[in-house]
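Trainee: Here it is, the structure in full.
Bear in mind that the values in this text are calculations on the coordinates, not laboratory data. Bear in mind that the values here come from a model prediction, so they are computed numbers and not experimental data. With ideal geometry, Cβ positions are generated from the backbone for all residues, glycine too; neighbour counts draw on all protein chains shown.
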Amino acid sequence: MDLSHISENIRSVRAHIPAGVTLVCVSKFQPIQAIQEAYQAGERHFGESRVQELKQKATQLPNDIQWHFIGHLQTNKVRDLLKLKPYIIESVDSERLLHAINTEAEKLGIIQNILLEVHVAQEETKSGFTPNELTTLLSTDICASLPNIRICGLMSMATNTEDETEIRRCFSTAATLASNIKHTTSNIKHLTSDIILSMGMSDDYKIAIEYGSNSVRIGSSIFGEREYPHKPSSFKAIFFDMDGVLFDSMPYHAKAWEEVMRANGLPFTAYDAYLNEGRTGQSVIQEASNIVNKPCTDQQIEEIYRQKAEAFKRMQPNGAQPMDGIREVLSFLHEQNIKVWVVTGSGQLSLFAQLSTLHPTLFVREQLITAYDVTHGKPHPEPYLKAWERSGFKKEECCVVENAPLGVRAAKSAGLFTIAVNTGILENERLSQEKADVVLPNMHALLQWLQEHMKEK
């Protein structure tokens, strides 16, 4: 692996960064060897976005690296992250997360450096406090009640656009908010004397520095663009799962499964429902009964499944609602002339009618794989292999969008590029463990990813 370009890229980037501005090398998704190359070039600040990935890297790399956590942080991952002793958590985007960090830091006997993430972009996919929420937070006694947190400043991202005027507006707004922090010191337990303003990435860091950024997060300009096994710009067909992807139906499926399984003496939680999502209904019941060594007869399975279907219908009387943001995704794909398939373990008779109302011009029966079309359901690769075979495209021209670990496993076993959109209650690691090529938080992020990576079409 030739990594000589990394040190050369660092020198090039450094030439545009004035003294006093921290360069954070965004090393997420990068191999250990690439980080070592940047380390040998003199860099010590690195940015990671997943706790599990940071854990793996921190144990293999020098202990004088100052790790910046820059991704979305779930409250149930806070303790695991703090045990890794990150230099700073840049992406603190809610009061709930503030309290969670303070609680775990107190247990560990540390004071944790953080940045408050502020949302100034014109994009719903970005996280953070709005300017008004930030002002309210800093003007109350909330921060004073968090003795194990040190607020070091703000982190922000500009709108993902080529419009420089909009980018400058974002940075100007964030800079003003950072300046205002200096006037709220009485309400903050620990506050650094020099306020950190972390903003600016590979495409816009030079502009960010103009507006006072003293910490820039740069990935692709140092390490290069991430290489995917297949080129997204070559995709001609995308295979979508249905529940939890096209329709926001999984919370109701999970609740219905939990209710009916327990009524029939089978221990089963909503979390279990998400773990087993993708299986046929009969397979889910068999799995649950095998766990307690209480196999069900075919008649019992049929009856339990009937009860589950009735419970689901009762809980969702107006039918399944489209997942937030999916209409925009489908419209974009339609504009790009991308064929859209549906690959689901469901056998609902109303399925096609639901799909037709979601996007009347996009779905046809020939591009629909259901439980009735296969011998083996997910996690077996048969559903996605059948969709691929029917599509007539090469595997490298096809992509899968899933939300469930078993669905990801099925797609990867079929040899297909797989995007996991975590719309449920499972941890991102569950999807990463099944080797999803990309893990995204919602459909808005999916749209952004597709727009960025299919722009060459």
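Trainee: Using 7 Å Cα-to-Cβ label points, what is the SER4/SER233 separation (nm, one decimal)?
Mentor: 2.7 nm
Trainee: 7 Å from Cα along Cα→Cβ at both GLU366 and SER145: what's the point-to-point distance in nm?
Mentor: 6.3 nm
Trainee: Across segment 250-315, what fraction of all alpha-carbon pairs, as a whole percent, falls in each successive 5 Å bin from zero upward?
Mentor: Going from the shortest bin to the longest, the percentages are 3, 20, 34, 30, 11, 2, 0.
Trainee: Compare the Cα positions of PHE247, ALA208, PHE235 along the charge dipole of segment 197-260 (+1 at Cβ of Lys, Arg; -1 at Cβ of Asp, Glu; about the Cα centre) and return the one farthest towards the positive end.
Mentor: Positive-most Cα among the choices belongs to ALA208.
Trainee: Evaluate the charge dipole of the chain about its Cα centre and quote only its size in Debye, nearest 20, assuming +1 on the Cβ of each Lys and Arg and -1 on the Cβ of each Asp and Glu. The partial results should precede the final answer.
Mentor: Values: 46 positive and 56 negative charges, 120 e Å.
I would put it at about 580 debye.
Trainee: When DSSP assigns beta bridges and you keep just the ones with both residues in the chain, what percent turn out antiparallel, to the nearest 5?
Mentor: Beta bridges within the chain, antiparallel portion: roughly 0 percent.
Trainee: Suppose every Lys and Arg Cβ carries +1 and every Asp and Glu Cβ carries -1, with no other charges. What dipole size does segment 4-223 come out with about its Cα centre, to the nearest 20 debye?
Mentor: About 720 debye.
Trainee: Then there is this: Per residue of segment 433-441, what does 6.51 cos²θ - 1.76 cosθ + 1.60 with θ = phi - 60° give for ³J(HN,Hα)? Whole Hz please, x for Gly and Pro, Karplus curve as stated.
Mentor: Working through the residues one at a time gives 4, 8, 6, 4, 5, 9, 10, 10, x Hz.
Trainee: Would you calculate the separation in nanometres between label points at GLU452 and THR297, each defined as 7 Å from the Cα along the Cα-to-beta-carbon direction?
Mentor: 5.6 nm
Trainee: Okay, moving on. Across every pair of different alpha-carbon atoms, what Kirkwood hydrodynamic radius in Å does segment 4-223 reach?
Mentor: This gives a value of 17.6 Å.
Trainee: Under unit Cβ charges (Lys, Arg +1; Asp, Glu -1), what dipole magnitude, rounded to 20 debye, does segment 316-457 have relative to its Cα centre?
Mentor: That gives a dipole near 280 debye.
Trainee: Same structure, new question: Quick one: if you take sqrt(5λ) for each eigenvalue of the C-alpha gyration tensor of the chain, what semi-axes come out, biggest first, whole angstrom?
Mentor: 42, 26, 21
Trainee: Just to confirm a number: summing +1 for Lys and Arg and -1 for Asp and Glu over residues other than LEU358 whose beta-carbon lies under 15 angstrom from that of LEU358, what do you get?
Mentor: -3
Trainee: Here's another thing I want to ask about it. What residues have an amide H closer than 5 Å to that of MET155, excluding those fewer than 5 places away on the same chain, when H is modeled at 1.01 Å from N in the peptide plane?
Mentor: For MET155, the qualifying residues are LEU116, GLU117, VAL118, SER198.
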